Amino acid sequence: MDRTESQVLAFLQSRGFNDVVYEPDGNVPPDFACRGIAVEARRLNQHDGSGDGLEVSAAPLVMKFRNLLMSLGPPQDTSWFVTFRYRRPVEDWVTLGPKIKAALLAFPDNTTQDVDRISISGWFSLGLARSSKTFGTRFVLGGYTDHDPGGFIVSEMIRNLAIVIPEKSKKVERFRSKYSEWWLVLIDHIGHAHLESHELDTLRQHVRRPPEWDKIVLVSPLALDHAIEI
């Protein structure tokens, strides 16, 4: 079982599926079966010319950002999802990190309004969305947008879903009759399954779920119990 499959398994278990079987029919689709449902797993990400996901090059920045959020301690009242947008070149973390920390510490916890953008430095900005769930920390990484490789987040999700969904549909075509219900669960490394309502509406307008899939679910790799359905 690879990392993506392990993440999909964790997602299914978070939804109460404790009887999941991995590769029930051997090394052919589906990846999982549970309660008569066939589940295919895949990563949704952008790719560069070498075939590596662009999230690989962003990993050090994401790790530093996540560690900073964790260092800010537990929630005062509720937790907030924090997203960041950036374009290269990115300011050195030695000076960028303290600016982000200062902006977050100054954020009033008693506000009820989400904040679309707080400018930090040059092309680096933050967004904050109030969470309906309280986490162990006040601030939780909700995702990021790299404006260099792929433009706006929703357009990149649309572009990559147009590749991934037909690819998976073709893969499972010969095996569909074995199960009455099929789910495609994608670990979302582009938007991290955190979209504003208008962004989700746009995504659903441009990405239609084909009839061979009963559900197409995007799961955040940062919080495997958080997902959105197309």
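The values are calculated or read from the model by the stated rules, or taken from the named source; none is laboratory data. Owing to the predicted nature of the structure, the values given are computational and were not obtained by experimental measurement. Neighbour counts run over all protein chains shown; Cβ positions are idealised from the backbone, glycine included.
Which one of these does Thr95 not meet: (1) among the polar types (S, T, N, Q); (2) within 26 Å of His189 (Cβ to Cβ); (3) out of contact with any Lys or Arg (no Cβ under 9 Å at 6 or more places or on another chain)?
With (1) among the polar types (S, T, N, Q); (2) within 26 Å of His189 (Cβ to Cβ); (3) out of contact with any Lys or Arg (no Cβ under 9 Å at 6 or more places or on another chain) applied to Thr95, the lone miss is (2).
Assuming Phe152 fulfils every condition listed in (1) farther than 18 Å from Phe81 by Cα; (2) of a type in the set (Phe, Trp, Tyr); (3) at pLDDT 85 or above apart from one, which condition is it?
(3)
So Val140 fits all but one of (1) more than 21 Å from Pro74 (Cβ to Cβ); (2) modelled with pLDDT of 90 or more; (3) surrounded by 17 or more Cβ atoms within 10 Å (Cβ to Cβ); what number is the exception?
Of (1) more than 21 Å from Pro74 (Cβ to Cβ); (2) modelled with pLDDT of 90 or more; (3) surrounded by 17 or more Cβ atoms within 10 Å (Cβ to Cβ), only one is false for Val140: (1).
Anything in the stretch 91-127 that is surrounded by fewer than 17 Cβ atoms within 10 Å (Cβ to Cβ), farther than 16 Å from Leu141 by Cα and not polar (S, T, N, Q)? List them, or say none.
Correct list: Glu91, Asp92, Trp93, Val94, Pro98, Lys99, Ala102, Ala106, Pro108, Asp109, Gly122, Trp123.
Against the definition (outside the structural domain of Ser220 (by TED's automatic domain parsing) and either modelled with pLDDT of 85 or more or in a loop (DSSP other than H, G, I, E, B) (or both)), how does Ser169 come out, yes or no?
Answer is no for this residue.
Give me the residue from the stretch 152-172 that is surrounded by 13 or more Cβ atoms within 10 Å (Cβ to Cβ) and free of Cβ contacts under 8 Å to residues at least 40 places away in the same chain and, out of that set, nearest to Ser125 (Cα to Cα).
From the stretch 152-172, those surrounded by 13 or more Cβ atoms within 10 Å (Cβ to Cβ) are 152-161, 164-165, 168-169, 171-172; that's our starting set.
Next cut, free of Cβ contacts under 8 Å to residues at least 40 places away in the same chain only: 152, 155, 159.
Working: Phe152: 14, Ser155: 19, Arg159: 24 Å.
Restricting to residues being surrounded by 13 or more Cβ atoms within 10 Å (Cβ to Cβ) and free of Cβ contacts under 8 Å to residues at least 40 places away in the same chain, the top hit is Phe152.
For the stretch 196-216, name all the residues that are of a type in the set (A, V, I, L, M, F, W, C) and touching a residue at least 40 places away in the same chain (Cβ under 8 Å).
Those that are of a type in the set (A, V, I, L, M, F, W, C) and touching a residue at least 40 places away in the same chain (Cβ under 8 Å): Leu203, Val207, Trp213, Ile216.
Name the residues in the stretch 199-230 that are under 17 Å from the mean Cα position of the chain (by Cα) and part of a helix (DSSP H, G or I), would you?
Glu199, Leu200, Asp201, Thr202, Leu203, Arg204
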